[in-house]
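Colleague: Questions regarding the structure given below will be posed in turn.
Read-outs: derived from the displayed coordinates by stated rules, not from any lab. Here the structure is a predicted model, which means the values were calculated and not measured. Positions of Cβ are backbone-derived with ideal geometry, glycine not excepted, and every protein chain shown enters the neighbour counts.
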Amino acid sequence: MLHLDSPAEAAHWCSAQRERGSSIGFVPTMGALHNGHLSLITRACDENAACCASIFINPLQFEDTEDYNAYPRDTESDLALLEAHGCNMVFMGSLDQFFPESSDINQIKTLPAGPYGSGLEEQFRPGHLDGVRTIVERLFLTVGASRVYFGEKDFQQTLVVADLAQQMGYPEVVVCPTVREDSGLALSSRNVRLSADEKTRAQQIYPALLAARDAWSSGERDPGRLSAIMIECLNHDGLVVEYAEVRDPGRWIAQPQTTPLEHGQALIAVRIGSVRLIDNLRLDQ
């Protein structure tokens, strides 16, 4: 596996792949890889002639400096996992390499998250999705025409980046199913920061989503009642609910919907100690 230290070198490699007629599968990451990331790598390898990944912990998407500093880092392990799963090239880079026009982080002009950035994540992490869209644009510009793979766990993020790709005209965005532990807990790089007791509490998230899906299957379409069902399941000591909402992905609006839903995506965000976790589940499929 080729390991490159700058986006410029990565852009040259990707251009060379396309010149020889090879399709490129791209998996953007912030490192601390788990089986969810690796499932994306495997699919990118299966569906393309060449597979590349990025590792960059983007400070623009952290509204909390402590959260940025606490984000797990294990580059040596990440590189070994990528190579073992067939990745052909991985690239990294510094903030000034991705944004050479700016001399410091405060001068970087962030992109608005767009129509799918309203509410939910943006309410509780102001500027987060703007920061995601800003770095993802640079990653897309680096890799160029390709297929890019994201996990559905970050559902609102997938809407934001798919909208960006549509505006740019590339790449093709492929959203892959959430990978879960046997308990149902969605895999996340942040899970390693949970104590044993906190992890047990985190395992209440998936049953809450399933309860909403069961209610949907029984005919419930009122978003307020579906939300209340999830919140009741999440009513445990040490688990702080930020949101538990159901939205129609095709009618994304800033405020919670009040009319009966035709399609439903249940979305949850909770804090357990110092760790914030999100998850979601489609209800009508």
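Colleague: Does a label point 7 Å from the Cα of T75, set along Cα-to-beta-carbon, have any residues of the range 82-105 with amide nitrogen under 11 Å, and which are they?
Modeller: 92-94, by backbone N distance to the label point.
Colleague: Could I ask something else about it? In degrees between 0 and 90, to the nearest 10, how far off the longest principal axis of the chain does helix 7-19 point, with axes built from Cα atoms?
Modeller: Once rounded, the angle reads 80 degrees.
Colleague: May I pose another question? Which Rg and Dmax, in Å, describe the Cα atoms of the range 144-285?
Modeller: Rg, Dmax (Cα atoms, Å): 15.8, 48.
Colleague: Quick one: plug the Kirkwood hydrodynamic radius of the chain (C-alpha pairs) into Stokes-Einstein at 25 °C, 0.890 mPa s, and report D in µm²/s.
Modeller: My calculation gives 124 µm²/s for D.
Colleague: Report, to one decimal in Å, the Kirkwood hydrodynamic radius for the range 122-202 based on all distinct Cα pairs.
Modeller: It works out to 14.4 Å.
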